[in-house]
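The values are calculated or read from the model by the stated rules, or taken from the named source; none is laboratory data. Since the structure is predicted, the reported quantities are computational estimates derived from the model, not experimental observations. Neighbour counts run over all protein chains shown; Cβ positions are idealised from the backbone, glycine included.
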Amino acid sequence: MYKYLLCWRYLRTRYIALASIISVMLGVATMIVVNSVMAGFADKMRDRLHGVLADLIVESDSFEGFFNYEEVMARVKEVGGDEVVAMAPTMETPGMLRFKYGSDSRNHPVQIIGVRPEERAKTGDFAEHLFDQNGKPIPPSFEVSDELKAQSPAGQRLRELKDEAPDPFMDATRQYLEQQQDAQVPIHGAIIGYALATYHLGHDRPDLYLAPMGTKAMLAFPKHTKVPEAGLDDFTVVGYFKSGMSEYDSTHVYVPLEELQRARKLIRDSDGKGAVNHIQIKVREGADLDVLADKLQLALERLAPMKFRVFTWEQKQGPLLAAVAVEQSILNILLFFIIAVAGFGILATFSMIVVEKTRDIGIMKALGASTSGVRNIFLGYGLMLGAVGSGVGMIGGLIFVRYINEIEKLLSVVLKHKVFDDSIYYFDRIPTLIEPHTVVAIVAGALFIAVGASIWPARRAAKMHPVKALRFE
């Protein structure tokens, strides 16, 4: 019983131990907050990456793709069985986007993706990222509505002449204006990345649309010809793709699959079939993507050797996900040094107590205190310091994570600038994710360091001989 009484007394009266408790508390709280924010960002990023990409992707080794995609899809369904939920063929090609803003022309390097929007929406979260100019969700479609046509200069003039009495001159005028309307508003729609179409003004002001809906956009891309040749085609902006990942929002342009095949001269004359170079595959939830990808790779290798490659969505984004994991690991190592410093503080404090209480230790051992009892006093003291520090740090860290967005707003007001700029990540709030096993590991690590730092002073005190301790004190 004396061991616990002494530990409790030292904890209450030794104010120098408060520094060690605060060090452990700050280290634990900081690690919980940083890990929660990093895990929240990583989780959001994984969700958005997975939303843009299908579960599995069959990719052609050729830039021009393959014409027998229906046969490939049939083989995928045969091998995958019930695990394959939906598939969508796509054609991807690099290109240039050009549109006018006022008297200026804007050019952007882009990734042009030909899709059938209804099919593509079934293989992922494609439809969830489509919005109009007012931020409202739109259906997955490339249809150029009559409303967009009417917004053009020729469309507005046609609307003004709607009630005019018919006569040969008026009929000719209407026919001319209809031709002008088709030239100003191409019949094929395109959905372009949100970052391509807007300019972020900041300071909580709404984004400026450089390419509002109805804008005529010209795309340039390589044609499939013997001699390298650039192809051009005009499209009408009918919506925006906003995934929250700048890598995609600043490069992706979605157009009708058949129109891109025609413009790139990738339609076979014999049967009118077009080529694709990707097949997006949605898999049943809970299926092992890596195992299924290996099975599909083997089956497609038998169909056409060295022509197809099968990737999971994580393999396609492997470097990015790995970079986030490395950053999180490095941060954990650096932050753990804070708790390590607290451990050295505990070591120094206990060493001073051993020197200061040499006579007391001698008296206790002379009165019958065992070697293990003296050792356990210091080990228990270290455990109590670690428990109090890590416990308070854990509670403080969890509270900070719970109210981190409110704290961010308060700091933004005090510092007079936004601490968390939502324009960088397109998050309206700081994402957090508390992982119980991580919290347990942090607290356990803090306790281990606190107890570990008290081992050497505890052994030194326990080895003291009572007579020598009283004689040389």
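A few remarks follow.
- Looking at P117, P139, just one residue is modelled with pLDDT of 85 or more and touching a Phe, Trp or Tyr at 6+ places or on another chain (Cβ under 7 Å), and that residue is P117.
- Residue satisfying all of: in segment 53-72; at pLDDT 90 or above and acidic (D, E); nearest to A86 (Cα to Cα) among these: D55
- Checking the stated criteria, A322 turns out not to satisfy the condition of being of a type in the set (A, V, I, L, M, F, W, C), modelled with pLDDT under 80, outside any helix (DSSP H, G or I) and out of contact with any His (no Cβ under 6 Å at 6 or more places or on another chain).
- For F241, the conditions (1) modelled with pLDDT under 90; (2) of a type outside the set (A, V, I, L, M); (3) under 20 Å from the mean Cα position of the chain (by Cα) are fulfilled apart from (1).
- Within segment 426-459, the only residue that satisfies the criterion of being within 15 Å of S20 (Cβ to Cβ) and of a type in the set (S, T, N, Q) is S454.
- Contacts under 7 angstrom Cβ, first residue in segment 294-310 being within 17 Å of E83 (Cα to Cα) and not assigned by TED's automatic domain parsing to the domain that holds K77, partner modelled with pLDDT of 90 or more and assigned to a helix (DSSP H, G or I), 6 or more apart: none
- Top-ranked residue in segment 68-96 [being hydroxyl-bearing (S, T, Y) and part of a strand (DSSP E or B); ranked as nearest to K122 (Cα to Cα)]: T90
- Looking only at residues in segment 32-58 that are buried (at least 17 other Cβ atoms within 10 Å of the Cβ) and charged (D, E, K, R), the one that is nearest to I281 (Cα to Cα) is D55.
- Scanning segment 250-285 for residues being surrounded by 23 or more Cβ atoms within 10 Å (Cβ to Cβ) and among the charged types (D, E, K, R) gives a total of 1.
- Of all residues in segment 91-119, those that are in contact (Cβ under 8 Å) with a residue 60 or more places away in the chain have Cβ atoms under 7 Å from Cβ atoms of residues that are buried (at least 17 other Cβ atoms within 10 Å of the Cβ) and of a type in the set (F, W, Y), 6 or more apart or on another chain, in T93/F221; G95/F221; R106/F99; I112/F221; I113/Y254; V115/Y254; P117/F142.
- Extreme residue, modelled with the lowest pLDDT, among residues of segment 73-92 that are buried (at least 19 other Cβ atoms within 10 Å of the Cβ) and among the small types (G, A, S): G80
- Selection within segment 110-150 - part of a loop (DSSP other than H, G, I, E, B), buried (at least 20 other Cβ atoms within 10 Å of the Cβ) and under 25 Å from the mean Cα position of the chain (by Cα): T123, G124, P140
- In this structure, Y69 does not qualify as in contact (Cβ under 8 Å) with a residue 60 or more places away in the chain, of a type in the set (F, W, Y) and under 30 Å from T198 (Cβ atoms).
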